[in-house]
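Asker: Please read through the structure below; I'll follow up with questions.
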């Protein structure tokens, strides 16, 4: 059988697997869809549509490394794949790779200078890059307590806990102090056993999860919180944030802040939300818009 016939057979098989993958995804059978998209790429590694859909499914399953690899494969060749670049920039920003996120957004804006979402997200990334570099300079200046810079790898932790922390980009004791219990538990495959193990590790040093965040919050904000919901109708206070039409990114940010109800959300200020890791202006605008539809808004501090 000559090379042309083999190629033709592979292409036909790839298209059949791709059709099955699409049918599975339409019917909500995402595991099957992943299997068929993978088989499509085995037959035809250059099948761009299968590559993109498989990346999206991995992205939703929080398998960031696999999703990034597939998005990058799409973005290496012309024409510019706007959606792949946008998703890739978000993944990079979530993992604190701000230069890579900036590169992706720049490629979008070079192709389409008026891409509104990319322009808004670029502001978030540039702000995060600036903060990241400031923190890095702060560390080099020896202004942090030495114990906060001790690598987590210096301690005895289970393989499961180590892998989860590595995937969350948490490398030092200081990183743990800037992370809450809710943030850890919201991560895929991170359970109570790993949480208790890490809490015990910090407890030995007189430290706790989220300590750095709590210490940075001015006390008047927390004392004023109850008044934010005192005049709201009970049905609005008890409404869950899951009922709001929010993007996956915004939902994850609220989970990290352990905000589950609208009443909890409106008790927060803009500054408190923006103080959350990876919570940017785009997510803030989206949440404010959703609250406005309910006749609500975020809490404002007393002047």
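The values are calculated or read from the model by the stated rules, or taken from the named source; none is laboratory data. Since this is a predicted model, take the numbers as computed values, not measurements. Neighbour counts are summed over all protein chains in view; Cβ atoms, including those assigned to glycine, are modelled from backbone coordinates with ideal geometry.
Asker: Just the residues that are in a helix (DSSP H, G or I), touching a helix residue (DSSP H, G or I) at 6+ places or on another chain (Cβ under 6 Å) and more than 21 Å from residue 57 (Cβ to Cβ), please, taken from region 102-117.
Answerer: Matches in region 102-117: 102, 105, 107, 108, 109.
Asker: I need the full set of residues from region 16-35 which are touching a helix residue (DSSP H, G or I) at 6+ places or on another chain (Cβ under 8 Å) and more than 23 Å from residue 188 (Cβ to Cβ), in order please.
Answerer: Result: 17, 18, 20, 22.
Asker: Another question about this same structure. Looking at 278, 258, can you tell me which residue is within 22 Å of residue 62 (Cβ to Cβ) and at pLDDT below 70?
Answerer: Selected residue: 278, the only one of 278, 258 that is within 22 Å of residue 62 (Cβ to Cβ) and at pLDDT below 70.
Asker: Considering only residues that are within 16 Å of residue 251 (Cα to Cα) and in a helix (DSSP H, G or I), which ones fall in region 169-190?
Answerer: Selection gives 182, 183, 184, 185.
Asker: Please enumerate the residues belonging to region 250-291 that are more than 21 Å from residue 124 (Cβ to Cβ) and either in the same structural domain as residue 125 (by TED's automatic domain parsing) or not in a loop (DSSP other than H, G, I, E, B) (or both).
Answerer: 261, 262, 263, 264
Asker: Condition (residue is more than 18 Å from the chain's Cα centre (by Cα) and outside the structural domain of residue 168 (by TED's automatic domain parsing)) applied to region 82-97: is it met by at least one residue?
Answerer: Yes, some residue in region 82-97 is more than 18 Å from the chain's Cα centre (by Cα) and outside the structural domain of residue 168 (by TED's automatic domain parsing).
Asker: Follow-up. Say whether the condition of being in contact with a helix residue (DSSP H, G or I) (Cβ under 6 Å, 6 or more places away or on another chain), within 28 Å of residue 171 (Cβ to Cβ) and assigned to a helix (DSSP H, G or I) is met by at least one residue in region 40-52.
Answerer: no
Asker: Same structure again: Taking residue 84 as the residue in question, decide whether it is part of a helix (DSSP H, G or I), touching a helix residue (DSSP H, G or I) at 6+ places or on another chain (Cβ under 6 Å) and farther than 28 Å from residue 279 by Cα.
Answerer: When the stated conditions are applied, residue 84 does not pass them.
Asker: Something else: Just to check your reading of the model, which residue among 77, 24 is out of contact with any strand residue (DSSP E or B) (no Cβ under 6 Å at 6 or more places or on another chain), outside the structural domain of residue 167 (by TED's automatic domain parsing) and either assigned to a helix (DSSP H, G or I) or at pLDDT 90 or above (or both)?
Answerer: The match here is 24.
Asker: State whether one or more residues within region 88-95 are under 30 Å from residue 203 (Cα atoms) and either modelled with pLDDT of 85 or more or not in a helix (DSSP H, G or I) (or both).
Answerer: yes
Asker: Kindly indicate whether any position in region 32-54 is under 26 Å from the mean Cα position of the chain (by Cα), touching a residue at least 40 places away in the same chain (Cβ under 8 Å), crowded, with 17+ Cβ neighbours inside 10 Å and under 27 Å from residue 247 (Cα atoms).
Answerer: Within region 32-54 (the criterion being under 26 Å from the mean Cα position of the chain (by Cα), touching a residue at least 40 places away in the same chain (Cβ under 8 Å), crowded, with 17+ Cβ neighbours inside 10 Å and under 27 Å from residue 247 (Cα atoms)), the answer is no, since none of the residues qualifies.
Asker: Identify the single condition in (1) crowded, with 21+ Cβ neighbours inside 10 Å; (2) over 13 Å from the mean Cα position of the chain (by Cα) that residue 77 does not satisfy, given that it satisfies every other one.
Answerer: Failing condition for residue 77: (1).
Asker: Another question, if that's okay. For region 147-161, enumerate the residues that are in a helix (DSSP H, G or I) and surrounded by 15 or more Cβ atoms within 10 Å (Cβ to Cβ).
Answerer: Residues satisfying the conditions are 148, 152, 161.
Asker: In region 178-203, what residues are more than 21 Å from the chain's Cα centre (by Cα), closer than 23 Å to residue 63 by Cβ and either surrounded by 16 or more Cβ atoms within 10 Å (Cβ to Cβ) or modelled with pLDDT of 85 or more (or both)?
Answerer: Across region 178-203, the qualifying residue is only 198.
Asker: Same structure, new question: What pairs come out if I take residues in region 56-81 that are at negative phi and touching a residue at least 60 places away in the same chain (Cβ under 8 Å) and pair them with residues that are surrounded by 15 or more Cβ atoms within 10 Å (Cβ to Cβ) and in a helix (DSSP H, G or I) whose C-beta lies under 6 Å away, six or more apart or interchain?
Answerer: Final answer for the pair search is 64/91.
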